Structures are given as structure tokens and as C-alpha cells.
Amino acid sequence: MNNIGSEVWLAMVTCFAAVFTNNILLTTFLGMCPFTSVSREVKTAAGLGGAVVFVMTFTTVLNWLAYKYVLIPLELEFFRFILFIIIIAAFVQFVEMVIDRYSPKLYQSLGIFLPLITVNCAILGASLFMVIRQYSFIVTIGYGFGSGVGWFLAILAMAGIRQRLNESRVPEGLRGPGITLIIAGLMALAFIGFTGVLN
Amino acid sequence: MAAFIVTILIISSISAALAALLVLCEKYVVNYGPCKITVNGEKELNIQGGKPLLTVLRDEKIFIPSACGGRGTCGVCKVKVLDGAGPVLATETPFLTKEEQADNVRLSCQVKVRNDIAIEIPDELFNVRQYESVCAGIEELTYDMKRFSFELKNPPSIKFVAGQYVQLFCPKYKGSNEEVYRAYSIASDPNANNRVDLIIRRVPNGICTTWCFDHLKEGDPVKMNGPYGDFRLSQSDAPMIFIAGGSGMAPFVSILHYMQNTHNNRKVKYFFGGNTPKDLCLDSQMKEFEESLEGFEFVPVVANPPEGENWTGETGLVTEAVQRQFKDLSGHEGYLCGSPGMIDASIKVFTALGMPEEKIYYDKFA
């Protein structure tokens, strides 16, 4: 009992770390493509971020199960890249079809972004980190969810900043992706401030 | 060795299982049953729901122009959806202006048909069809331009407005393993509706022009679809200036045929530019038009007349010739067809001479 309690505690700490001190976007710069291209409006950024939280949580869990119960017994660990990608792609497709059918409202706000993140490297990255860092099942749930929320927060903040930027005069050569990358760098610096919170 | 095979088998079977899951899901979940599309309030199409509107319409032989093939990146496949499409999606908003959104314009590749819907498409798009034809003649116009005639087989006739274009299908051939569609203006008489003439200029290393020039022979089957485009004669009777270069000749031949058919005596001056006299073509046909059309005058312009030959016509750029002949164009309409560079230069000259921008019509061929 005590064991599970400490696991849950560890999962919560990992989740917190994934959001702030170890933000997957701002420390490893994964998932930059949608981060720069879909961060023009807060509303769309929030939709995409929500989709990432959802997909990341479920795919890390699914991939953990696949790794533990398929790849390790068969001694095919080196195949995790391919298997993880296939599982992510199939899962995203499946979810898209289901919510398209049964919840048009949810599809409007979240579903249309799903195809965009099938090939998001942050999603695959989270699954691979989970293996490298040898997380247990419960910790993986916390890690997947936390990474998603971290990505969500980062793109939301970026979209907010970019909406303000619309009213300011950015030098012509820096408009668009240029200034976005500079802001991302500054945000990453700011997030370093969280380091040391968890010790 | 055995380990190899086992590994491959295991990974393949996992992939196959996931694929099977998706196929089943597609069969049972994404089946919206029969839906009805009402087009322009009159025609009804009965189709199976679940697919994007663009695809459904293409299956029904209504071709909406689309450059990206339905990925939502070009914003060309706009269609008015009056009823049943649901709210505008975030993937569409970047391509639709506020007025268009208020006017129910949608990107047909992003709208899924889930229930009965009503749409409105321009009548011209109804005429857009896929044509099977046979190359009936190839005529050399200049050293790098040819006129290709195609006899339509299925369907056997086409209805188009002079100035419109078709998309010619270029199959794979030795040297190109790509299938492409390329747009060419129709250069034939709109009354001769059983054939389509295209004037094509050789583009060095162009996929489609190389095929037309080096591989296409008389008697070969050729596919095309169309007609598209809103480049055409306006309804007014204002005097007009046509400017063309190279294969930009094509739409004007068709327009002049149309004017001949309708006994239209509007004043037209047609400036046709070439680098040397060798680039000029169709003089005799232009002479015929000059004789039968009271208001028509053809002005060939040569940029670099070779020394020794006595070229008596206009020299320099077409735009310079226009500037020499006209001082005020505020009451004129301008029609342009040619390279983007020539069009931009012509627009500059036209507006400088007082022609309102909305009276300048053009087709840009990049």
C-alpha cells in the first residue's frame, strides 16, 4: 500500500517536473513545427494544445503497455521506434474517426487538429523518454499528462504573446517564424527559473 | 536468419492488426448512410456520407478546382454551402475573408458530408467535365510554338466561353515518371464545339510541353478537363486593348472568333509582342479578323528587329508601343495574357495612362 502511495507521489512530482522544470517543448525543443505555425491565435492554439494533452497521455500509456508486454518478452526493444509510431498513428486515426462520428462539437474544437499531431515529434519523444528513463506505469501516466500540459502551456503563452505582437512593429525580416523562435528562446530561459524547485 | 523472419512477422502482424482495426472502424463508424446534396436548388445527388465535399463532388463528375488536392493548404476549392455544413472550422478561417464567411463560402475539402446539405456552385463549374479526345492535328506556328487540335470523343462536345482554359493531362513518358495537369487557354472557335485547339510554347525542360513537343503524335488519345476561368469579354462596349506575348495568343484567337460570330464591332487594338519577327505567328488569321471585324486592328511589336531585314512595324516592348499610340486610356478596357513580368509591366503602363484597375482583365501563366 505504502509502495503505491509513493508511486503516486512520484508520478505527481514527475508530472509537475514535465510541466515546468522539464518542459518537453522548451527544454528539448520537440514539436516545434506546430508550435511555430499554429500559434497565431489563442483559440486555435488552445485547441491544438488540448489535442496534444489528450494524445500524449494516452499514447505514452499505450506505448508503455506495448513495450512492457510485447517488445520486452519478444526481445524486440530496438523496434520501439517503429512500433511507437505505428501505435500513435493508428490511435490518432481511430480517435479522430470516433469523435467525428459521435461528438461533432468536440470534433470542431479538438478533432480537426488530430491529423496535425500524428507526426508531432514531441508525442514520439515523450514515449521514448518514458522508456529511456525507465518509468513505471503510474509514473508514465503522470509523465505523459504532464508533458502534454507543458506543451499546452507553452503554445498558449506563445499565442498570447504573438497576438500582442500583431500590434507592435516587428522588423520585416523577423516577422513570422523568426520572431517566434526568438520568443521561444526567451521563454525557455524563463522556464530555467523553475529549475531547483524540485530537489 | 530465423530471428530475422520472426521479427518481421511479428512487426507485420502488429501493423496488420492495427490496420484491420482502422478498416473496421472506417466501415462501421464512418458510415453516415445515404445523404442528399442539393445543388443550386434544382439538382439532387444521392451519395454515401462520410467523405469531404470536394471528393464527393468529384466522384459525381463535378470538378471543383483545387490546387493542393484537398489538404486545405491552397484555399482554391471554395464553394457556397447554404445548409448542413456546420460551423466554419479553424482550418478554413485563414483562407476565408469575413465577407465570405458571412456569405456561407466554405472550403469544400474541409467540409465533410455527414447529412443532407445544400450547396451553390457557379453554373460554369457544372460544365466542367473530363474529356477524352484524340490529337487531330499539330501545326508549327513558330520555331518554339505549336498549335495542337484535339477532337473530342467522350463527351463529344464542349461548351465554353471564349477566354477560358482547360487542364491538359500529361501522362508518364520516357524521361518523366510524373502525371501532371497543366492549364492551357483554348484557342478555338467556341462555336466549333467538337474540338479544342491549344497553342503551346515549348518550355525548356517543362514536363508537359516536352511531352507535347517530343512525344505526342497525331491520332494519340489525350485527356483533359475544363473549361475553367473567368477571363472573358466584358459586357460593355468600351474600346479595348489586348496585349499578349508567345502562347498568350491563344485566348484572344478564341475571343476574336467569338466576336466574329456575334458581329461585335467594338474597337480593339491587339498588341502582340515578340523578341524578333521569328516569334510572330498567325499573321494570315489576324488579317482575316481585321477584314471581317470593323473595329479590330492587329499590331505586332518586335523588341529586337534583326539588322538587314526591313521590319517596318512597331519596335521595342509592347508596353512602349502602347505608350506611343495612346495618351489617355481612362475609357478603355485592358485584356492581358502572357508571362507574369509582361502582365505586371502592362498593368503599370495602363494605370499610368488612367485606366481604372478594375477594367484590367488578365490570365497569368507562371
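The values are calculated or read from the model by the stated rules, or taken from the named source; none is laboratory data. Worth saying up front: this structure is predicted, and the values here are computed from it rather than measured. We place every Cβ from the backbone using ideal geometry, glycine too, and count neighbours over all the protein chains shown.
Remarks
- Among the residues making up the range A:71-95, a single one is closer than 23 Å to B:Val88 by Cα and either surrounded by 21 or more Cβ atoms within 10 Å (Cβ to Cβ) or more than 20 Å from the chain's Cα centre (by Cα) (or both): A:Val92.
- Residue check, A:Leu156 surrounded by fewer than 20 Cβ atoms within 10 Å (Cβ to Cβ), in a helix (DSSP H, G or I), out of contact with any Ser or Thr (no Cβ under 7 Å at 6 or more places or on another chain) and more than 10 Å from every other protein chain (Cβ to nearest Cβ): yes
- Here B:Gln48 fulfils each of the conditions (1) under 21 Å from A:Ile99 (Cα atoms); (2) polar (S, T, N, Q); (3) within 12 Å of chain A (Cβ to nearest Cβ) apart from (3).
- Candidates A:Gly125, A:Gly47: the one that is in a helix (DSSP H, G or I), touching a Ser or Thr at 6+ places or on another chain (Cβ under 8 Å), farther than 22 Å from B:Ala17 by Cβ and within 11 Å of another protein chain (Cβ to nearest Cβ) is A:Gly47.
- Residue in the range B:300-335 that is surrounded by the fewest Cβ atoms within 10 Å (Cβ to Cβ), counting only those that are of a type in the set (Gly, Ala, Ser) and either under 17 Å from B:Cys281 (Cβ atoms) or without any contact (Cβ under 8 Å) to a residue 60 or more places away in the chain (or both): B:Gly308
- Of all the residues in the range A:77-95, those that are of a type in the set (Gly, Ala, Ser) and facing chain B (nearest Cβ under 7 Å) number 1.
- Meets criteria (touching a Cys at 6+ places or on another chain (Cβ under 7 Å), away from every other protein chain (no Cβ under 14 Å) and within 30 Å of B:Glu151 (Cβ to Cβ)) for B:Ser133: no
- Against the conditions (1) modelled with pLDDT under 90; (2) within 11 Å of chain A (Cβ to nearest Cβ); (3) more than 26 Å from B:Leu168 (Cβ to Cβ), B:Ala19 satisfies every one except (1).
- In the range B:40-67, the residues that are among the charged types (D, E, K, R) and within 23 Å of the chain's Cα centre (by Cα): B:Arg58, B:Asp59, B:Glu60, B:Lys61
- Condition broken by A:Asn120, with the remaining ones in (1) crowded, with 21+ Cβ neighbours inside 10 Å; (2) within 9 Å of chain B (Cβ to nearest Cβ); (3) within 20 Å of A:Asn63 (Cα to Cα) satisfied: (2)
- Hey, B:Ala90 without any contact (Cβ under 8 Å) to a residue 40 or more places away in the chain and touching a strand residue (DSSP E or B) at 6+ places or on another chain (Cβ under 7 Å) or not: no
- Whichever residue in the range B:220-254 is among the polar types (S, T, N, Q) and outside any loop (DSSP other than H, G, I, E, B) and, among such residues, is surrounded by the fewest Cβ atoms within 10 Å (Cβ to Cβ): B:Asn225
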